[in-house]
1. Figure the gain on full extension for Ala53 and Glu70 (residue separation times 0.36 nm, minus the Cα-Cα span) and round it to one decimal in nm.
2. If you add up the charges near Val20, with Lys and Arg at +1 and Asp and Glu at -1, over every other residue whose beta carbon is less than 11 angstrom from its beta carbon, what do you get?
3. Quick one: Karplus J couplings for region 143-152, per residue in order, coefficients 6.51, -1.76, 1.60, θ = phi - 60°, nearest Hz, x for Gly and Pro?
4. Give me the number: length gained by fully extending Leu22 to Gln195, i.e. 0.36 nm times residue separation minus the C-alpha to C-alpha distance, one decimal in nm.
5. Could you work out how far apart the two model spin labels at Lys79 and Leu45 are, taking each label as a point 7 Å from the Cα in the direction of the beta carbon, and quote it in nm?
6. May I ask you to list the chymotrypsin sites (Phe, Trp or Tyr not before Pro) in region 1-62 that are in a DSSP loop and have at most 11 other Cβ atoms within 10 Å of their Cβ?
Amino acid sequence: GNSDAVATSQVLREVDPRFVILFDIEVDFIRQLEIFKANRPGLPLRVYFLAYASSVEEQRYLTSLRREKEAFEHLIRQKTTMAVSDDQEGKLTDSSLLSRDPRPASETVASTRKGGVKPKAATRKVIVDMREFRSSLPSLIHRRGIDIEPVTLEVGDYILSPEMCVERKSLSDLIGSLSSGRLYNQAMSMTRHYQRPMLLIEFSEKQSFSVQARGTLQSEISFNDLSSKLALLTLHFPKLRILWCQNPYATAELFDELKVID
């Protein structure tokens, strides 16, 4: 076998084999043979493997096949959680998730008395952390006619304006970051760099949810329960605003309204 796929393909075209005997079983070379045979459907090609049963070479080949299978299964799982649906894959212009609002993002109130002079357009834009593209929220924001700028952010997940920063948390992430103290550091960074820091908490509308069970309400603040930790967070950072949304669609609508207000 040859590790250079281009050189291997060239050798196969020049030799044009009918029989191939493999002493070293390499998955890469086998895949090259499969491509060569697929490009010549009428060409008879037989491949023979020479290896001892239960040998190290056979086990290495089987391990390579297993790793290849696991890699494809991982890709399939990743595609199921992509923001763009599988049938579109972001390659077609008629994707339902990427279809924009018919109104331009820079739409302004125009007057017919300006003699046909177009007013300067104010583009609506949201800066999104690259890690947020694992969810469907960025595509939903883009669908509402707001431009998306992907950036690796050190503070926050969404920058709505030079003064407005949003840290987005799921319930599991909220509980974990409160317990580890990571949310405290994130809130400190947001309040230090932005005038209007916000903590967005997304929960599932299909599941009942409360920060604290009704039977365990306490009159005094405790460092152990979730509601007390949120209360202490707001006491330490008075500028921090906490937002609640039941799904990404509601979050996209909320961001749209915040952009209008801003």
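Please treat every number below as a calculation from the coordinates, not as lab data. Please read these numbers as outputs of a predicted model, since none were measured by experiment. For neighbour counting, all protein chains shown are included, and Cβ atoms are generated from backbone atoms with ideal geometry for every residue, glycine included.
1. 3.7 nm
2. Net charge around Val20: +3.
3. Those phi angles translate into 5, 7, x, 10, 5, 10, 10, x, 9, 7 Hz.
4. Once the chain is fully extended between Leu22 and Gln195, it gains 55.5 nm.
5. In this crude label model, Lys79 to Leu45 measures out at 2.4 nm.
6. Phe23, Tyr52
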